[in-house]
Amino acid sequence: MDIKEIVTAHPIIAILRNIENTLLLPYVESILEGGIGAVEIAVNSPEAFEQIRLLRENFGSGLLVGAGTVTSEDRMQNSLDAGASFFLTPSVSEELLLQFKKLGLPVLPGVLSPSEVSLCLKYDMNIMKLFPAGELPLSYIRSLKGPFNTAEFVAVGGVNAGNMASFFHAGFLGVGIGSSLVPEDKLRARDWTYIRAHVKQLVDMSRQRTSPRA
């Protein structure tokens, strides 16, 4: 799948950072049963590459496992070796973009400025991660899409259950949600029934999204 197919099929990506190994499998199983079929393992987390392998071994083709916070070729290669199906970067490095393009890997490069958007488009990467989206006005995406009308964006950073719908209404193709995906106390309590139901509500909400009027 290319990155547009991934984001279109999975408009909510669960970002997993610093999740304990004892919680990883039941947590991912719960969010998968709730309807989220794509997760990102932040590779600056302890045992990140082993967690990518673990998810691939346990869920197979039923779950798309991505690698996030990919800031170097080493992280990219280690993630690929572990079985990552897609990649996300927090920022734009032309050297890294070239490597992703050379290998034909699906990637969401992280952008903030018009210059970074332009650089991604130079390498035919027209779907990008706007980060940190929650620190910006929702109108910012429309300002970017004025001169860069072929660009599409996934909102990451500051997205939560309470504001997720507003990002879809603003025109974002998808969102990435991290620690605010589920309440911390519910995760610690291993309340998988609550987590499944909570995630299902978010997925249902994403399916009702509408784009802003032109």
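No lab work stands behind these numbers, since they all come straight from the coordinates. In this text, all values refer to a predicted model and were calculated from it rather than measured experimentally. With ideal geometry, Cβ positions are generated from the backbone for all residues, glycine too; neighbour counts draw on all protein chains shown.
Here are the numbers for this structure:
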| quantity | calculated |
| --- | --- |
| Proximal lysines to LYS4, defined as alpha-carbon separation beneath 27 angstrom and excluding residues fewer than eight positions away on the same chain | LYS101, LYS102, LYS122, LYS129, LYS145, LYS200 |
| Packing-based ranking, highest mean first, of 41-47, 157-163, 169-175 given that Cβ atoms within 10 Å are counted | 169-175, 41-47, 157-163 |
| Cα-based shape type of the range 6-109, given that a ≥ b ≥ c are square roots of the gyration tensor eigenvalues and the cut on a/c is 1.5 | prolate |
| Dipole of the range 52-120, positive direction: furthest Cα of SER91, MET76, LEU112, with charges on the beta-carbon | MET76 |
| J(HN,Hα) series, the range 195-205, from Karplus relation 6.51 cos²θ - 1.76 cosθ + 1.60, nearest Hz, glycine and proline x | 4, 4, 5, 5, 5, 4, 4, 5, 5, 4, 5 |
| Dipole magnitude of the range 87-170, debye to nearest 20 (Cβ charges: Lys/Arg +1, Asp/Glu -1, about Cα centre) | 140 |
| Length released on extending from LYS101 to SER113, taking residue separation times 0.36 nm less the Cα-Cα span | 2.2 nm |
| Fluctuation leader among SER30, SER85, SER166 - the chain, Gaussian network, Cα springs under 10 angstrom | SER166 |
| Cα gyration tensor shape for the chain, rounded if a/c is under 1.5, else prolate or oblate | oblate |
| Dipole moment magnitude, nearest 20 debye, the chain about Cα centre, only Lys, Arg, Asp, Glu C-beta charged | 680 |
